[in-house]
Amino acid sequence: MSEQQRALGGVLCPVVTTFRGDETIDRDAFLANVHAHLADGVHGIVVAGSSGEAALLDEDERGDLVSWARAAVPADRWLVSGCGGESTRIVIKRARESARRGADAILVVSPHYYLTAMTRDALLAHFRRVADESPLPVLLYNIPKYAHLTLEPALVAELGQHPNIVGMKDSSGDLELLGKYVDLAQTDSFTVLTGSGTTFHPALQRGARGGILAVALFAGTIATRVYESAVGNGRGDGATARRAQDQLTPLSAQIVNGLGVAGIKAALDQVGRRGGPVRSPLLPLSAGDEARVVELLRRADPHLTA
């Protein structure tokens, strides 16, 4: 990636992992999705994230996803690999493998199984050691819904001083918290991205430089319209950004947040992309929820499912 294109921001897609009926990964379907997301104009691809069912993947699968995506993602767009894990050692191992496979950066969620032991000092030591030993730049990942803890803004600001920690994804959906990250941590060398499609435009207004958005997987042109209208050419078109956000909000709130990975995959199937089954122990949507996904897509934009 050239220095000119290295600025971190815009819309990044945290791609799903496409499974066959026997739960093996369908490489062709995965690549078809990656190419389709890139054609929407997104600024990067994230593999092995929450919407990619990272917790359900083995180490070889994680590496293969990076390699396959690298072959499809051009050098001027970001390829980020989810590398979070419960031990510092496994995160570093995943970081090194992601570098070998061609990723540009890693996304690291907090360890959280031993929740009460994840004190400020423990998290500080963990992320610093990861950053010291990772051959790739590190993005912190704040997702209280799954990690059951919140990265405190002062801790993020301290970690942001490390030369190999280049930013964070905040999926809390809490604009006040995101604003604190921006105020305390964001610099020329540290970027705050939102993970909430529900509040994407307000997050951009508050200073986020983009988002890693699951809703962009099936509404990528709408998500990129929010971004380009909000920040394009340094001027922005607030009215267009707000209209696009109004389309995006119910899709993110009700499909991504409400129905989870199964909902995201059902939406992908409805817009002509490859969703397919989730991996056990996740369950597919009920017929009623599938119908709800169809109706939400139709209301947001009839052309999505055309």
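The values are calculated or read from the model by the stated rules, or taken from the named source; none is laboratory data. Only a predicted model underlies this, so the values are computations on that prediction, with no experimental measurement involved. Methodologically, a virtual Cβ is constructed for each residue, glycine included, from the backbone with ideal geometry; neighbour enumeration extends over all protein chains shown.
Numbers below:
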| quantity | calculated |
| --- | --- |
| Positions within region 46-82 being part of a helix (DSSP H, G or I), under 20 Å from A32 (Cβ atoms) and of a type in the set (A, V, I, L, M, F, W, C), in sequence order | L65, V66, W68, A69, A71, A72 |
| Residue match in region 298-306 (condition: under 23 Å from D246 (Cα atoms), in a helix (DSSP H, G or I), out of contact with any strand residue (DSSP E or B) (no Cβ under 9 Å at 6 or more places or on another chain) and acidic (D, E)) | no |
| Residue match in region 176-192 (condition: in a loop (DSSP other than H, G, I, E, B), at pLDDT 95 or above and touching a Pro at 6+ places or on another chain (Cβ under 7 Å)) | no |
| Whichever residue in region 93-104 is hydrophobic (A, V, I, L, M, F, W, C) and surrounded by 19 or more Cβ atoms within 10 Å (Cβ to Cβ) and, among such residues, is farthest from P135 (Cα to Cα) | A103 |
| Selection status of E23, farther than 23 Å from S134 by Cα, more than 16 Å from the chain's Cα centre (by Cα) and assigned to a loop (DSSP other than H, G, I, E, B) | yes |
| Members of region 72-92 that are out of contact with any Gly (no Cβ under 8 Å at 6 or more places or on another chain) and either in contact (Cβ under 8 Å) with a residue 24 or more places away in the chain or closer than 14 Å to P135 by Cβ (or both) | A72, P74, A75, D76, S81, C83, G84, G85, E86, S87, T88, I92 |
| G197 vs. criteria over 19 Å from V42 (Cβ atoms) and within 18 Å of the chain's Cα centre (by Cα) | no |
| Selection count, region 273-294, where residues are in a loop (DSSP other than H, G, I, E, B) and small (G, A, S) | 4 |
| Conditions (1) part of a helix (DSSP H, G or I); (2) under 22 Å from G179 (Cβ atoms); number of the one not met by A239 | (2) |
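For (1) of a type in the set (A, V, I, L, M, F, W, C); (2) in contact (Cβ under 8 Å) with a residue 40 or more places away in the chain; (3) under 20 Å from D40 (Cβ atoms), each residue gets a yes or a no:
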{"residue": "I255", "(1), (2), (3)": "yes, yes, yes"}
{"residue": "K265", "(1), (2), (3)": "no, yes, yes"}
{"residue": "G275", "(1), (2), (3)": "no, yes, yes"}
{"residue": "G288", "(1), (2), (3)": "no, no, no"}
{"residue": "A291", "(1), (2), (3)": "yes, no, no"}
{"residue": "E295", "(1), (2), (3)": "no, no, no"}
{"residue": "D301", "(1), (2), (3)": "no, yes, yes"}
